[in-house]
Amino acid sequence: MAGESAEDHGGGHGLTGELLLDGFILLGAALAFVLLFRRIGLGAVLGYLIAGIVVGPFGLGLIDSGESIVAVAEIGIVLLLFLVGLELAPARLWRLRRDIFGLGLLQVLLCGVAITGLVLAGTSFTVAAAIAIGMALALSSTAQVLPLLQSEGRLNTPLGERAFSVLLFQDLSIVPLLTLVAVLSRAPADPGAPPGWLLAIYAVVAIVGLVLAGRYILSPLLALVGRFAERELFIVTGLFTVFAAAALMDALGLSMALGAFVAGVMLADSPYRHELEADVDPFRSILLGLFFLGVGMMLDVDVVLSQPLFVVGMAAALVATKVAVIFGLALLFGVKARAAFVMGLLLSQGGEFAFVLFAEAERALLVTGAATSLFGAVVTLSMATTPFLMALAKRFGGVKAATREDLDGPGEAPQAGAIVVGHGRFGQTVSQMLMGANIPVTLIDSNPDQIDLSGEFGRKVYYGDGLRVDLLREAGGDEARAILFCNDGTDFNADRLDAIRMAFPKAKIFARMFDRRHLLALGDQQIDGTFREVLESAISMARSAMATIDLDETLIDRVEEEFRKRDCDRLAVQREEGDMHAGAELSFGGPESLDFDGTEPR
């Protein structure tokens, strides 16, 4: 027994050592190449792919096989679909419905058909194989385009929202495209597999079950976790949700990605959405990085080197075809010519989901491993063109001409007693008064020009979206005594407030409100202080005007006191009835207004 234990222990130690060595090699190569490719502006995805090629069996041979890594790292694809589902809040889905289900659908179909024709013309593939490859190449790289738009501050512009809509539909289309590959499959049918009609029933029942579980089990569970304010519990709950939904679908013989997507959609309206997104995203990023490493390891360099002209020619044809098709579609949807061309350049590359579909097509015996490597190289080369196409896009005004890598993020800020988000004319006054009371303040703003201007006056302002939970946490939100939102506009809403309050229970929350409607939109959310941006200055002006016409100071004070009381009462009525017109009789001079027993002015 002792001998067996020692042997077992030694074997386990050997396996652990092998895993540690492989991890050291993979992560070291990834770190080196991602840093290099980021430095020269080619993006992280290409860095991971090249790192995988270098250390893989077709490169230096430091790691034997990429299949096992890809098998584990496919969880990253599952997490990506979950995060896509979280973006599909019904209100946003409805607003972008034309671009998502119109422009997005036509882009996938028309690009898929056009590229299928290219594949048929340039190869001896069967029609089924050409369809599988062509539809895969119709997808663009969410992992490249969205981070670029976010870093340039263009995601919420009309161009950015249209690009996001197309990418969103592409991400959604992965499930039906996987189904299409399965239908075209030439692999022997699994005798134990259920018929298609039964799988359809399974899918409907599973989706309905997940939605009901989300409403009646998961939402109460998240509310319970929220009371403890433990970030680790949220991470566990988020991952549990994704894995449970994916495992259910896999057990029924359906796509794990579909289960993860449904799990995301059923939480899209949850007040905990932003916290879940912030907690799950790092796992998604790491696993997607491993996925691209594995893909690079499986790329047969010898096959690629044997046909370099084909790879370069097909990559160029892919980019040109997608630019032309997307340009035409964007014009059809009312986009101006310059923006339409920029949009075509943004979405012209092949995407990460192409590798998933290629692997599935190979398992379905539609293409060989050599063909998978060949078209994997085509996708990789098309991705390499993206940074250069972005530089071209800047010439057309589609994205900002200069990035602001010189700006420090909130993670660089020292711990402070208060965080002020927004350093415009409102935030400047608030922050200066806090500093006057010797309270250390961290300043955050998303406008580089405002940050530069503040720097001229000796104010250190950190760059970022201060409404994001993860960014506030980097800025020291867990220990801050107060977080003050001084942003212009109405981005501070009930969903964001819920996520921030739950993430930072120690902090007092204060917010600048654009107007009465903005304040009412928060509903009955509890907050430590809300301040309509023109209310106090308007009251101050009215007081000054009354004083200059010689009204008694006592009367002025009584009028202000009565006005504030009526305003609060009217807000309460408007909240209760959900109607801006409610409580009109409470305002001075309004229809059927209540009497005020103040002294008549002289």
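The values are calculated or read from the model by the stated rules, or taken from the named source; none is laboratory data. The shown structure was predicted, so the numbers you read here are calculated from the model rather than taken from an experiment. With ideal geometry, Cβ positions are generated from the backbone for all residues, glycine too; neighbour counts draw on all protein chains shown. The accessibility values were calculated without ligands, DNA or RNA, using every heavy atom of the protein model including side chains. Shrake-Rupley method; radii C 1.70, N 1.55, O 1.52, S 1.80 Å.
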Roughly how many percent of the accessible protein surface of region 299-342 is carbon and sulfur, given a 1.4 Å probe and a whole-percent answer?
73
If R0 = 51 Å, then ALA324 and ALA223, at their Cβ-Cβ distance, give a FRET efficiency to the nearest 0.05 of 0.50
Considering the dipole of region 404-473 built from charges on the beta carbon (Lys and Arg +1, Asp and Glu -1) around the Cα centre, which of ASN438, GLY424, TYR462 is farthest to its positive end?
ASN438
Using a simple spin-label model with points 7 Å from Cα along the Cα→Cβ vector, what separation in nm is obtained for VAL573 and ARG517?
2.1
Please compute the length gained on full extension between VAL113 and ALA182, using 0.36 nm multiplied by the number of residues separating them and subtracting their Cα-Cα distance.
23.0 nm
Efficiency by 1/(1 + (r/R0)^6): what FRET value for ARG532 and LEU332, r their Cβ-Cβ distance, R0 = 51 Å, to the nearest 0.05?
0.75
Along the Cα→Cβ direction, 7 angstrom out, place labels at GLU456 and TYR216. What is the inter-label distance in nm?
6.2
Between ALA494 and THR548, what FRET efficiency comes out of the Förster formula 1/(1 + (r/R0)^6) with R0 = 56 Å and r the beta carbon distance, rounded to 0.05?
0.85
Once the piece of chain linking GLU18 and ALA391 is laid out straight, how much longer is it, given 0.36 nm per residue of separation minus the C-alpha distance between them?
130.0 nm
Could you work out how far apart the two model spin labels at ARG95 and ALA370 are, taking each label as a point 7 Å from the Cα in the direction of the beta carbon, and quote it in nm?
5.2
Per residue accessible area in Å² of region 443-507, where ligands, DNA and RNA are left out and the probe is 1.4 Å
46
